[in-house]
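Notes follow once the structure below has been shown.
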Amino acid sequence: MSLPGALLLNLLLLFLWLWKKPLWALWPLGLIILFWGQHNRYFALSGSSEVPQETTEQLVNVLSYNVRVFNSYKHLHKDDPDLPEREMKWVAEHPADILCLQEFYHYKGEAPYNSRKRIGKDQGRQVFVDNFW
């Protein structure tokens, strides 16, 4: 169950037990209080939606994307032959500070697979790749 679901379930139980057996309401109330720090990470509970100016300069933009080998294999883009190139260009030009790419493949020899250079070095980014092979 997701964290928002757990909070809703505990709130439901809290009101149910307050109505039926008030002493039992301490259990969901205790759980809500105990895990409030976790709930607070998922819900913005402040009164203002504006971000202070000094905070915006410290923000880090992250792009997490499953590139699926940039759809380079023909069976992945038979309906749209330009898809691999457009997808590579979109990721390369994205203004994120950090790119977290899943199913990322790099091979220097062939153009569609030379993604480390095209996304990273050509765009002025540092590249860190987990070489587990």
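The values are calculated or read from the model by the stated rules, or taken from the named source; none is laboratory data. These numbers were taken from a predicted model, which means no experiment stands behind them. Virtual Cβ from ideal backbone geometry, glycine too; neighbours counted across all protein chains shown.
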Practice item. Could you grab the pairs with beta carbons closer than 6 Å, sequence gap of 6+ or different chains, first residue in the range 92-104 and at positive phi, second one among the hydrophobic types (A, V, I, L, M, F, W, C) and surrounded by 11 or more Cβ atoms within 10 Å (Cβ to Cβ)? Key: 103/67; 103/69
Review point. Is it the case that residue 125 is at pLDDT 70 or above and surrounded by 15 or more Cβ atoms within 10 Å (Cβ to Cβ)?
Key: yes
Review point. Do you know which residues across the range 77-105 are of a type in the set (A, V, I, L, M, F, W, C) and assigned to a helix (DSSP H, G or I)?
Key: 83, 88, 90, 91, 92
Exercise for review: Scan 93, 85 and give me the residue that is surrounded by 15 or more Cβ atoms within 10 Å (Cβ to Cβ), among the acidic types (Asp, Glu) and at pLDDT 75 or above.
Suggested key: 85
Point to revise | Residue under evaluation residue 108, criteria (1) modelled with pLDDT under 85; (2) outside any loop (DSSP other than H, G, I, E, B); (3) not polar (S, T, N, Q), criterion not met | key: (2)
